[in-house]
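Structure first, commentary second.
The values are calculated or read from the model by the stated rules, or taken from the named source; none is laboratory data. On a predicted model such as this, the values are computed, not experimentally measured, just so you know. Here the Cβ positions follow ideal geometry from the backbone for every residue, glycine too, while neighbour counts run over all protein chains shown. Just the protein is used for accessible areas: all its heavy atoms, side chains included, with ligands, DNA and RNA removed. Shrake-Rupley method; radii C 1.70, N 1.55, O 1.52, S 1.80 Å.
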Amino acid sequence: MGWQITGGEVLTQDGLAEGRLTLEHGVIGTGPGARHLDATGFWVLPGIVDLHGDAFERHLAPRRGMVADLGANLDFVEGELAACGITTAWLAQFWSWEGGMRGPEFATRLARALQAADLRLDMRMQLRLETHMTHDLGPVCDLIRETGIDYLVFNDHLPHKALETGRKPPRLNGSALKAGRSPEAHHEMMLALKTRDPEVDSFVRAILRALPTLRFGSHDDDADLRDIWAGRGVRISEFPVSHAAASKAQDQAVIMGAPNVLRGGSHNRGSVSASDLVAEGLVDALASDYHYPAMIGAVFALIERGICDLAQAWRLVSAGPARVMGLEDRGRLEMGLRGDVVILCPERRRVMGCFAAGRPVFLSGELAERLN
């Protein structure tokens, strides 16, 4: 079914302009559209592309130990994403020694549920692989090939300084509880993983050789780590913690968290401000991190601070992340591209409608009442 969206201001490369937008056969077209939607007073924008979000966890396991039917609850994740204007989303899921919802068993369940789900949004998995899981090369590669995972980010959450100095790791009791282990067993496991330090480089390089078509990223880089990851061929720097790290990644890709922009700085003391990096042109894409609504909030924050205009700010949540992932079919409202569209009320900063591949996923309030 085709749609014709009229009356709204459509975002072009240069800014907002009055116009109409037709969706037909899943893409932006030229026909009259079988159904009409009056977007007067609203902005018509490209769908948001979110490269890293983990807010899905509260839908799949609202409390520790309460893990519901993953397939059914992905519908609720889809609903929240659409209400936030996100039409392409990577669910950031760990494969980690930390256990529980971060463990390999849960990652496997989620990847298979996502593969089997009947969804309108383009929802994928970003696999966050802990670097010291060096004995898991086979299972990781098997899961990626079986379920079509296309994005892997390397993480290292071992508390190296504490383990090296014989101190108690921070938050040991809480992390042990989440993993279903005693604090003593959890600590012993960390110490055992620490002995694998010499294996990490060969493990990472084996992953890259085995999965040459994937996009690879690293997480929380400082300047030295960015050099190491670049030397291994990892071209995406996700949430670098310093200006120097972001600067070193400029022939690659830098992703920063939208909550960092929205709140004016990182939660991690001493880490760089995403807004400052955006102002210097060092950021290719923003990601929702732990809060899906932060994507739109960050856009308005950048505009209000005089850092970007609307076209520039929206590019950081649409065309920019699409380009990072090599998706040339979305992120812009141009003829022949995917019909991923967000209809936004600028005064309320609220998504009124969301279309994915030309199909409605979310219609709300006054916009839904105008439908004919």
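This table checks each residue for (1) under 21 Å from the mean Cα position of the chain (by Cα); (2) part of a loop (DSSP other than H, G, I, E, B); (3) aromatic (F, W, Y).
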site: P169; (1), (2), (3): no, yes, no
site: A176; (1), (2), (3): no, no, no
site: M190; (1), (2), (3): no, no, no
site: V200; (1), (2), (3): no, no, no
site: R209; (1), (2), (3): no, no, no
site: F216; (1), (2), (3): yes, no, yes
site: P240; (1), (2), (3): yes, yes, no
site: A245; (1), (2), (3): yes, no, no
site: D276; (1), (2), (3): yes, no, no
Inset, instruction - Please specify each residue of the range 54-94 satisfying the condition of being in contact (Cβ under 8 Å) with a residue 24 or more places away in the chain and farther than 17 Å from R120 by Cβ. - result: D54, A55, E57, L60, A61, R64, V67, L70, A92, Q93, F94
Legend entry - Residues that are open to solvent by less than 40 Å² (accessible area, probe 1.4 Å), under 15 Å from A311 (Cα atoms) and either part of a strand (DSSP E or B) or modelled with pLDDT of 95 or more (or both), drawn from the range 1-16: V10, L11
Legend entry - Among (1) among the hydrophobic types (A, V, I, L, M, F, W, C); (2) over 20 Å from the mean Cα position of the chain (by Cα); (3) surrounded by 21 or more Cβ atoms within 10 Å (Cβ to Cβ); (4) closer than 30 Å to L158 by Cα - the single one F94 does not satisfy: (2)
Legend entry - Which listed residue is of a type outside the set (D, E, K, R) and open to solvent by 10 Å² or more (accessible area, probe 1.4 Å), from L114, L110, L127: L114
Legend entry - Considering residues of the range 320-372 that are in a helix (DSSP H, G or I) and more than 28 Å from R235 (Cβ to Cβ) only, the residue least open to solvent (accessible area, probe 1.4 Å): L367
Legend entry - Residue that is surrounded by the most Cβ atoms within 10 Å (Cβ to Cβ), among those in the range 27-53 that are modelled with pLDDT under 95 and not in a strand (DSSP E or B): G33
